[in-house]
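This report refers to the structure that appears directly beneath it.
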Amino acid sequence: MSDVLVLAIESSCDETACAVVKNGREVLSNVIYTQIALHTQYGGVVPEIASRKHIEKINQVITAALKEADVSLTDIDAIAVTYGPGLVGALLVGVSEAKAISFATGIPLIGVHHIEGHISANYIENKELEPPFVCLVASGGHSHLVVVKDYGEYEIIGRTRDDAAGEAFDKVARAIGLGYPGGPKIDKLAKEGNPDAILFPRAKVAENEYDFSFSGLKSAVLNYINGCAMKGIEVNKADVAASFQKAVIDVLVEHSLHGVKEYGMNKFAIAGGVASNSSLRAAFEEQCRARGIEFYHPSPVYCTDNAAMIGVAGYYEFIKGNRSGLDLNAVPNLKLGER
């Protein structure tokens, strides 16, 4: 079988990204224009600004990705694009661009689920990894525990009931004055603090042992900070960051590895922006080793939003024969497993 080259586009939030992926495992280029500096002054992503910036940058990013991969559109076998979930305006920029290229060139179009992309990021550097396995997807918008039955075939066994893990990181970071983006800043500050200094709650969801809930934890941190202010006690930000982070990690590790055991798996992977947290990776590394579970994770660059992961997911959809029509639309609340 000849090589399959996929041009991939990702614009679901505040990164405008394009990549060229060969045979679903080899990244020839991965160009990312990030808007973090732009949104930091507002304390979070402003959807309208994100959409406008995507429009400004998307052609430049695609041109750069083709150049870096040393290919042209005539070499491309398929165009993969994130069509959900995400910010509707941001998604529409990528989807419109991908459809325009497909229409103009006749190259097949493949709509890719953003979370499927995050899961597929694990295949880039772990060439030996194949389904089935359990994957934790933890990011600013999502906390999903997924059984990956096959390429493109998923069963969600746990999800967040309220705040996603990354969302909780951002809100707590704001509360202790660290600013945006919260995840990397808490990860860094937590290294200076005592994770056992403050006992924050670990929520369990009665109806589903694999579900997550972080809003109570976030409220407990805010209450602790407000309580200290009322009593005139100085808050040790490093201790708050470390104790909060440990509470999140304990829940993610416990629920995830319980799922691995109950579903009879011996392979576990993490994905999404929160998966780049150094303490979370270390905790999973340690617990998986102790339980004889093979642990997989992407490099940090493939944890945050990028197009390479969309290209990998798109490749497996392509070889299965899945195609999208030119009526493909952005679906901001797209569920995993829907097409």
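When restricted to residues that are touching a Pro at 6+ places or on another chain (Cβ under 9 Å) and either small (Gly, Ala, Ser) or not in a strand (DSSP E or B) (or both), the stretch 250-267 contains 2. Checked against the criterion of being among the polar types (S, T, N, Q), outside the structural domain of Asn266 (by TED's automatic domain parsing), surrounded by fewer than 21 Cβ atoms within 10 Å (Cβ to Cβ) and farther than 18 Å from Leu252 by Cβ, the stretch 179-194 contains not a single residue that satisfies it.
Can you pull out every residue in the stretch 254-271 that is free of Cβ contacts under 8 Å to residues at least 60 places away in the same chain and not small (Gly, Ala, Ser)? Working first, answer last.
Initially, the stretch 254-271 is screened for residues free of Cβ contacts under 8 Å to residues at least 60 places away in the same chain, giving 254, 257-258, 261-262, 264, 266.
Scanning the stretch 254-271 gives Glu254, Leu257, His258, Lys261, Glu262, Asn266.
Tally time: how many residues in the stretch 262-284 are charged (D, E, K, R) and over 22 Å from Lys185 (Cα atoms)?
The initial filter retains those residues of the stretch 262-284 that are charged (D, E, K, R), namely 262, 267, 281.
Imposing the further condition that a residue be over 22 Å from Lys185 (Cα atoms) reduces the set to 262, 267.
Residues meeting the conditions: 2.
Note on the stretch 64-76: residues that are exposed (fewer than 13 other Cβ atoms within 10 Å of the Cβ) and not in a helix (DSSP H, G or I) total 2.
Mind checking whether some residue in the stretch 127-135 is touching a His at 6+ places or on another chain (Cβ under 9 Å), of a type outside the set (D, E, K, R), more than 22 Å from Leu5 (Cα to Cα) and modelled with pLDDT of 95 or more?
Yes, the stretch 127-135 contains a residue that is touching a His at 6+ places or on another chain (Cβ under 9 Å), of a type outside the set (D, E, K, R), more than 22 Å from Leu5 (Cα to Cα) and modelled with pLDDT of 95 or more.
Going by the structure shown, is Val61 of a type in the set (Val, Ile, Thr), in the same structural domain as His113 (by TED's automatic domain parsing), part of a loop (DSSP other than H, G, I, E, B) and farther than 29 Å from Leu129 by Cα?
On the way: of a type in the set (Val, Ile, Thr): yes; in the same structural domain as His113 (by TED's automatic domain parsing): yes; part of a loop (DSSP other than H, G, I, E, B): no; farther than 29 Å from Leu129 by Cα: yes.
It is false that Val61 is of a type in the set (Val, Ile, Thr), in the same structural domain as His113 (by TED's automatic domain parsing), part of a loop (DSSP other than H, G, I, E, B) and farther than 29 Å from Leu129 by Cα.
When restricted to residues that are of a type outside the set (A, V, I, L, M), out of contact with any strand residue (DSSP E or B) (no Cβ under 6 Å at 6 or more places or on another chain) and buried (at least 24 other Cβ atoms within 10 Å of the Cβ), the stretch 79-130 contains 6. Do we find that Ala173 is within 20 Å of Ser278 (Cβ to Cβ), at pLDDT 95 or above, surrounded by 14 or more Cβ atoms within 10 Å (Cβ to Cβ) and of a type in the set (A, V, I, L, M) in this structure? So Ala173 does not fit the description; no.
Taking the listed residues Ser324, Ser279, the one that is surrounded by 15 or more Cβ atoms within 10 Å (Cβ to Cβ), hydroxyl-bearing (Ser, Thr, Tyr) and touching a Leu at 6+ places or on another chain (Cβ under 6 Å) is Ser324, with no other qualifying.
Can you tell me which of Val235, Val221, Val274, Val251 is in contact (Cβ under 8 Å) with a residue 40 or more places away in the chain, out of contact with any helix residue (DSSP H, G or I) (no Cβ under 6 Å at 6 or more places or on another chain) and β-branched (Val, Ile, Thr)? None of the other options fit; the residue is Val251.
Out of Ser243, Ser219, Ser215, one residue alone is of a type in the set (Ser, Thr, Tyr) and either touching an Asp or Glu at 6+ places or on another chain (Cβ under 6 Å) or in the same structural domain as Gln41 (by TED's automatic domain parsing) (or both). It is Ser215. The listed residues are Ile310, Ile233, Ile270, and the only one of them that is under 20 Å from the mean Cα position of the chain (by Cα) and not in a helix (DSSP H, G or I) turns out to be Ile270.
The values are calculated or read from the model by the stated rules, or taken from the named source; none is laboratory data. Computed from a predicted structure; not experimentally measured. Glycine gets a Cβ as well: all are built from the backbone with ideal geometry, and neighbour counts include every protein chain shown.
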